[in-house]
1. Given a Förster distance of 30 Å, report the FRET efficiency between residue 99 and residue 151 from their Cβ-Cβ distance, rounded to the nearest 0.05.
2. Among residues other than residue 76 whose Cβ falls under 12 Å from its Cβ, what is the net charge (Lys/Arg +1, Asp/Glu -1)?
3. Candidates (1) 16.3, 63; (2) 26.9, 94; (3) 42.9, 149; which is the computed Rg and Dmax of the Cα atoms in Å?
4. Modelled label-to-label distance, residue 193 and residue 74, 7 Å Cα→beta-carbon offset: nm?
5. For an R0 of 30 angstrom, estimate the FRET efficiency from the Cβ-Cβ distance between residue 35 and residue 81 and round to the nearest 0.05.
6. So which of 61/155; 67/115; 61/190; 67/179; 83/190 end up more than 31 Å apart, counting from Cα to Cα?
7. What is the spin-label model distance, in nm, from residue 16 to residue 136 if the labels are put 7 Å beyond Cα along the C-beta direction?
8. At what distance in nm do the modelled label points of residue 144 and residue 203 sit from each other, each positioned 7 Å from its Cα along Cα→Cβ?
Amino acid sequence: MILFYGTYPITFSGDTGTFHCPRCGAGKPYEIRNWTRFFHLYWIPLIPYKWGSFLECKGCKATWDEKIRNYDPEAERAAFHAKFESAMLQAMIAMAEADGHIDQKEMQVIAEIMKQLSGADHSVGEVRAAIAADNSRTLRKVLRGVVDDLNEDGKEMVVKSLYFVADADNGVSKEERAKILDAGKILAIKPDRMEALLVELETE
């Protein structure tokens with residue numbers, strides 16, 4: 001007697017709606033597909049032993065984890081910019097604190113860089129308030145919190161900002177230069193690129 005047995009999945013339609021498809025864009029219709037894998041005998045499903053679900057884009061037919069319904073690229077970009085701006089502020093303050101004192105010129109440079117980053121006005125008073133609000137910052141701690149989120153241009157922007165802050169009070173000292181080089185290491189910028197970047201900044 002020949003027995004025909006094995007396993008196969010059966011899919012069922014579920015919820016529908018619209019989402020931002022990473023492949024074909026926003027506002028695309030989707031359908032949740034629920035599936036159950038059965039042990040079968042003579043192609044008759046008998047015992048369910050595994051199940052799950054996935055999301056199918058009805059535009060490009062790509063399939064995704066259901067969690068992608070919550071994917072909002074605009075919200076993610078806004079969250080990243082907020083995180084980056086906060087890290088930049090704290091990093092520049094940590095740089096200014098390197099010599100044990102933050103003067104008015106350094107705070108003015110920090111406020112101006114923050115204005116360029118955010119497009120909104122930042123006052124010296126806001127910088128002073130940020131200084132007073134946190135005494136636990138270190139440059140290493142701040143940069144390690146964002147290094148994985150930055151591309152090469154973003155990393156170099158950080159280095160340039162640190163340099164401008166260090167240069168605000170009568171030039172960059174030997175100790176400050178070493179601290180900027182250390183920041184480059186934390187940001188995983190190649191040593192030769194860091195040296196070239198500092199030379200560019202020093203000759204501007």
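1. 0.45
2. On the way: positive: 77, 83; negative: 72, 74, 149.
Spelling it out: positives minus negatives among the neighbours equals -1.
3. (2)
4. In this crude label model, residue 193 to residue 74 measures out at 3.3 nm.
5. Numbers: r = 39 Å, r/R0 = 1.29.
After rounding, the FRET efficiency stands at 0.20.
6. On the way: 61/155 37 Å; 67/115 36 Å; 61/190 42 Å; 67/179 42 Å; 83/190 24 Å.
Cα-Cα > 31 Å for 61/155; 67/115; 61/190; 67/179; rest within.
7. Between residue 16 and residue 136, the simple spin-label model gives 5.1 nm.
8. Each label point is offset 7 Å from its Cα along the Cβ direction, giving 3.6 nm.
Rule-based calculations on the coordinates, nothing more; no lab input. No experiment lies behind these values; they were computed from the predicted model shown. All Cβ positions, glycine included, derive from the backbone under ideal geometry; neighbour counts span all protein chains shown.
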